[in-house]
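One structure is given below, encoded as structure tokens.
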Amino acid sequence: MVGGVPIGGGAPVSIQSMTSTYTYEVDATVRQIRQLAEAGCDMVRVAVPDKRDTAVLPAILEQSPVPIIADVHFHFERALEAIKAGVHKIRLNPGNIKDRKQVDRVIAACRERGIPIRVGVNEGSVVERQNKEARATQQEALTSDYGSHMIRLMVEALEDYMRIFDENVFHDVVLSAKSIDATMVIDAYRAISDRFDLPLHLGLTHAGPPETGRIRSIASLGSLLSMGVGDTIRISYASDPVHEVEDAKELLCSLGLRNRVEPELIACPTCGRIEIDLIKLVADIRMKLAGIKTPVKVAVMGCVVNGPGEAEGADVAVFAGKGKGIIYVQGERKRTVSEADMLDALYEETVVFARRVERGEVTLSHSRVTIAPPDPLPRSDGSIPLPIR
Ligand code: SF4
């Protein structure tokens, strides 16, 4: 349990993110925490590198709508200060807080407050940096088989650290083992899931901006979640952290691990049959739908090739043709509108339908929208490509 949010033991997978502000700048930090919470983040981690960061934690906690986790590196005193301030969880890195007495003191403080500790290793933090001889041996092994040796190092680092926790009879622990490599993340978490019976926090670290980091984050975390591995997730981007939460939420909804609470937008990819500016329509309706808090399924289709059959799976759908579109609501043809009116009409019908759902007059459609591949168009040389299967 992290500040009322259940973790592990069959609890829903929760979303975590991290502020990118200087924690000691209270107003900016609280503003970002609220933005993350509003986007659907269940708990927020803040960095506390300095005493001035832990000093403002009471003010942040007082204003935060979600549990706060203190991310501690190098200085165990920051952990003690954060625990005293009332944070809901601590993150420790075995790679930089190693002293047994210091770890014992953090464990004792967490026990007293009844809060969990995440023990998180990273690919970069398990490599030996001080003992030259040990480092040379390690490098040799890493050169011969980097992946399996790195995973062994991460598991061993967790095993060593967990011995301290076992000796303290403290089991309120979450584990993580992050890497920048998607396959390594999958293999590392599978290994620690086999080795430890503890909740796992999933993450692929240093993924880059959303444009380049999204695929490897979703590929690795999605694979693990679909195997039933993972209790909390953080997608990390070099960007506004709100994008981390948006993508984490979409990942969980797509895998059926979280119920949607907002509209789901389905749109055709467009092809040579398109006769309206569908890309703009999709972008515009997406913005407008953001204000609706009912999980209505809205489909925007570029033509009628796939027929009204697909519209039966969506709650509200538009099929565009040359300069006009036909709007369907749960499979029933509602109206034909010009391209100029399409955005407003689609939005209006969605709002009307959402209100009817809220009043209990209709129920949401739960069948899937199946979008069949379009008939192949002839190439410039007249040949017909094989249909996509
Ligand atoms: S055939 Fe499919 S992809 Fe092409 S415009 Fe029609 S709905 Fe869109």
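The values are calculated or read from the model by the stated rules, or taken from the named source; none is laboratory data. All values reported here derive from a predicted model rather than from experimental measurement. Cβ atoms come from the backbone with ideal geometry, glycine included; neighbour counts cover every protein chain shown.
In table form, for the structure just shown:
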{"read-out": "Residue within the stretch 298-308 that is surrounded by 19 or more Cβ atoms within 10 Å (Cβ to Cβ), hydrophobic (A, V, I, L, M, F, W, C), within 16 Å of the ligand (Cβ to nearest atom) and assigned to a loop (DSSP other than H, G, I, E, B) present", "value": "yes"}
{"read-out": "Residue count for the stretch 248-280, restricted to those that are part of a helix (DSSP H, G or I) and within 16 Å of the ligand (Cβ to nearest atom)", "value": "3"}
{"read-out": "Matching helices (runs of 4 or more DSSP H) fully within the stretch 111-230 where at least 1 residues are over 30 Å from A85 (Cβ atoms) and aromatic (F, W, Y)", "value": "146-167, 182-195"}
{"read-out": "Top-ranked residue of the stretch 1-23 - restricted to ones that are hydroxyl-bearing (S, T, Y) and surrounded by 20 or more Cβ atoms within 10 Å (Cβ to Cβ), ranked as nearest to I235 (Cα to Cα)", "value": "S17"}
{"read-out": "Meets criteria (aliphatic (A, V, I, L, M), in contact (Cβ under 8 Å) with a residue 24 or more places away in the chain, away from the ligand (no atom under 13 Å from the Cβ) and closer than 30 Å to A207 by Cα) for A354", "value": "no"}
{"read-out": "Candidates P116, P65 - the one that is loosely packed, with under 15 Cβ neighbours inside 10 Å, in contact with a Lys or Arg (Cβ under 7 Å, 6 or more places away or on another chain) and at pLDDT 95 or above", "value": "P65"}
{"read-out": "Enumeration of residues in the stretch 99-154 that are within 22 Å of D181 (Cα to Cα) and of a type in the set (D, E)", "value": "E123, E128, E140, D145"}
{"read-out": "Residue pairs meeting the criteria (Cβ under 6 Å; at least 6 apart or on separate chains; first modelled with pLDDT under 95, in the stretch 270-282; second near the ligand (Cβ under 8 Å from one of its atoms) and in a helix (DSSP H, G or I))", "value": "T270/L278"}
